[in-house]
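S.K.: Right, I'll just put the structure down here and ask away after.
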Amino acid sequence: QVLLVESGGGLVQAGGSLRLSCAASAHTFGNFVMAWFRQAPGKEREFVSAVTFSGTPDYADSVKGRFTTSRDNAKNTVYLQMNSLKPEDTAVYYCAGRFGLTYYYAIPYDYWGQGTQVTVSS
(Lines give C-alpha, C1' and ligand atoms only; values in the text may rest on other atoms or scores of the structure.)
Protein backbone atom coordinates (compact mmCIF):
# COMPACT_ATOMS: atom_id res chain seq x y z
CA GLN A 1 0.00 0.00 0.00
CA VAL A 2 1.35 3.41 -1.02
CA LEU A 3 0.20 6.46 0.90
CA LEU A 4 0.38 9.91 -0.73
CA VAL A 5 -0.19 13.02 1.38
CA GLU A 6 -0.52 16.47 -0.18
CA SER A 7 0.06 19.74 1.61
CA GLY A 8 0.47 23.41 0.79
CA GLY A 9 -2.94 24.40 -0.52
CA GLY A 10 -4.72 27.54 0.55
CA LEU A 11 -6.25 30.85 -0.46
CA VAL A 12 -4.24 33.26 -2.59
CA GLN A 13 -4.96 36.34 -4.67
CA ALA A 14 -4.69 36.26 -8.43
CA GLY A 15 -1.08 36.66 -9.48
CA GLY A 16 0.18 35.03 -6.33
CA SER A 17 2.06 31.78 -5.76
CA LEU A 18 1.67 28.54 -3.86
CA ARG A 19 3.83 25.47 -3.53
CA LEU A 20 2.21 22.08 -3.13
CA SER A 21 4.03 19.06 -1.78
CA CYS A 22 3.18 15.39 -1.97
CA ALA A 23 4.97 12.96 0.31
CA ALA A 24 4.93 9.26 -0.50
CA SER A 25 5.30 6.38 1.92
CA ALA A 26 6.78 3.94 -0.60
CA HIS A 27 10.46 3.11 -0.72
CA THR A 28 9.88 2.46 -4.43
CA PHE A 29 8.87 6.10 -4.98
CA GLY A 30 11.90 6.61 -7.18
CA ASN A 31 10.41 4.24 -9.77
CA PHE A 32 7.08 6.04 -9.98
CA VAL A 33 5.82 8.54 -12.47
CA MET A 34 4.25 11.21 -10.27
CA ALA A 35 1.51 13.47 -11.54
CA TRP A 36 -0.67 16.32 -10.40
CA PHE A 37 -4.34 16.52 -11.31
CA ARG A 38 -6.99 19.00 -10.33
CA GLN A 39 -10.74 18.98 -10.12
CA ALA A 40 -12.97 22.02 -9.97
CA PRO A 41 -16.62 21.80 -8.87
CA GLY A 42 -18.78 20.30 -11.59
CA LYS A 43 -15.81 19.46 -13.78
CA GLU A 44 -13.84 16.35 -14.55
CA ARG A 45 -10.45 15.70 -13.01
CA GLU A 46 -7.83 17.11 -15.35
CA PHE A 47 -4.12 16.59 -15.82
CA VAL A 48 -1.86 19.39 -14.62
CA SER A 49 1.68 18.06 -14.70
CA ALA A 50 3.83 14.99 -14.32
CA VAL A 51 7.45 14.15 -13.62
CA THR A 52 9.15 10.89 -14.53
CA PHE A 53 11.40 8.93 -12.21
CA SER A 54 14.38 10.61 -13.88
CA GLY A 55 12.95 14.09 -13.33
CA THR A 56 11.61 14.94 -16.79
CA PRO A 57 8.55 17.18 -16.42
CA ASP A 58 5.47 17.53 -18.58
CA TYR A 59 2.67 20.09 -18.34
CA ALA A 60 -0.83 20.81 -19.50
CA ASP A 61 -0.96 23.73 -21.91
CA SER A 62 -3.05 25.71 -19.43
CA VAL A 63 -0.21 25.82 -16.86
CA LYS A 64 2.91 25.88 -19.04
CA GLY A 65 5.20 28.73 -18.10
CA ARG A 66 3.43 29.25 -14.76
CA PHE A 67 3.74 25.92 -12.93
CA THR A 68 6.86 23.87 -12.25
CA THR A 69 6.90 20.29 -11.03
CA SER A 70 9.91 18.61 -9.49
CA ARG A 71 10.77 15.71 -7.25
CA ASP A 72 13.24 14.80 -4.54
CA ASN A 73 13.61 11.03 -4.55
CA ALA A 74 15.70 11.10 -1.39
CA LYS A 75 12.71 12.63 0.42
CA ASN A 76 10.03 10.65 -1.45
CA THR A 77 8.40 13.97 -2.29
CA VAL A 78 7.09 15.67 -5.40
CA TYR A 79 6.40 19.39 -5.64
CA LEU A 80 4.22 21.70 -7.68
CA GLN A 81 5.29 25.33 -7.69
CA MET A 82 2.42 27.46 -8.93
CA ASN A 83 3.10 31.04 -9.97
CA SER A 84 0.95 33.72 -11.59
CA LEU A 85 -2.14 31.98 -10.29
CA LYS A 86 -5.49 32.72 -11.90
CA PRO A 87 -9.03 32.30 -10.56
CA GLU A 88 -9.52 29.47 -13.06
CA ASP A 89 -6.77 27.53 -11.25
CA THR A 90 -9.14 27.13 -8.30
CA ALA A 91 -9.65 23.42 -7.67
CA VAL A 92 -8.79 20.52 -5.44
CA TYR A 93 -5.31 19.37 -6.41
CA TYR A 94 -4.38 15.71 -6.21
CA CYS A 95 -1.06 13.98 -6.59
CA ALA A 96 -1.02 10.54 -8.16
CA GLY A 97 1.56 7.87 -8.88
CA ARG A 98 2.09 4.83 -11.04
CA PHE A 99 4.83 2.62 -12.40
CA GLY A 100 5.62 2.98 -16.07
CA LEU A 101 4.56 5.61 -18.55
CA THR A 102 3.05 9.04 -18.05
CA TYR A 103 -0.63 9.26 -18.84
CA TYR A 104 -2.59 12.48 -19.25
CA TYR A 105 -5.78 11.18 -17.74
CA ALA A 106 -6.57 9.84 -14.30
CA ILE A 107 -7.62 6.22 -14.75
CA PRO A 108 -4.17 4.61 -15.16
CA TYR A 109 -2.85 6.03 -11.89
CA ASP A 110 -2.89 3.52 -9.06
CA TYR A 111 -2.16 5.71 -6.07
CA TRP A 112 -3.83 8.96 -5.05
CA GLY A 113 -3.57 11.49 -2.31
CA GLN A 114 -6.56 12.94 -0.50
CA GLY A 115 -6.35 16.28 -2.28
CA THR A 116 -5.62 19.82 -1.18
CA GLN A 117 -7.80 22.85 -1.91
CA VAL A 118 -6.36 25.74 -3.87
CA THR A 119 -8.51 28.86 -4.10
CA VAL A 120 -7.48 31.87 -6.16
CA SER A 121 -9.45 35.05 -5.59
CA SER A 122 -9.82 37.74 -8.22
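S.K.: Kindly indicate which of Ser62, Ser70 is outside any loop (DSSP other than H, G, I, E, B) and at pLDDT 95 or above.
M.R.: That would be Ser70, the only listed residue that is outside any loop (DSSP other than H, G, I, E, B) and at pLDDT 95 or above.
S.K.: Being under 11 Å from the mean Cα position of the chain (by Cα), farther than 19 Å from Val120 by Cα and small (Gly, Ala, Ser) narrows it down to one of Ala96, Ala24, so name that one.
M.R.: Ala96
S.K.: Among the candidates Phe53, Phe47, Phe67, Phe29, single out the residue that is in contact (Cβ under 8 Å) with a residue 60 or more places away in the chain and of a type in the set (Phe, Trp, Tyr).
M.R.: Step by step, each of Phe53, Phe47, Phe67, Phe29 is checked, and only Phe29 is in contact (Cβ under 8 Å) with a residue 60 or more places away in the chain and of a type in the set (Phe, Trp, Tyr).
S.K.: Tell me, yes or no, whether the stretch 35-42 has at least one residue that is free of Cβ contacts under 8 Å to residues at least 60 places away in the same chain, open to solvent by 10 Å² or more (accessible area, probe 1.4 Å) and among the aliphatic types (A, V, I, L, M).
M.R.: yes
S.K.: I've got another one for you. Which one is least open to solvent (accessible area, probe 1.4 Å) among residues in the stretch 43-59 that are in a loop (DSSP other than H, G, I, E, B) and among the small types (Gly, Ala, Ser)?
M.R.: My answer is Gly55.
S.K.: If a residue must be open to solvent by 40 Å² or more (accessible area, probe 1.4 Å), polar (S, T, N, Q) and within 21 Å of Gly16 (Cα to Cα), how many such residues does the stretch 65-89 contain?
M.R.: Summing the residues that are open to solvent by 40 Å² or more (accessible area, probe 1.4 Å), polar (S, T, N, Q) and within 21 Å of Gly16 (Cα to Cα) in the stretch 65-89 gives 5.
The values are calculated or read from the model by the stated rules, or taken from the named source; none is laboratory data. Predicted model only: the values in this text are computed from it and were never measured. Here Cβ is always computed from backbone atoms with ideal geometry, including for glycine, and neighbour counts include all displayed protein chains. For the accessible areas, the whole protein counts, side chains as well, though only heavy atoms, and no ligand, DNA or RNA atoms are used. Shrake-Rupley method; radii C 1.70, N 1.55, O 1.52, S 1.80 Å.
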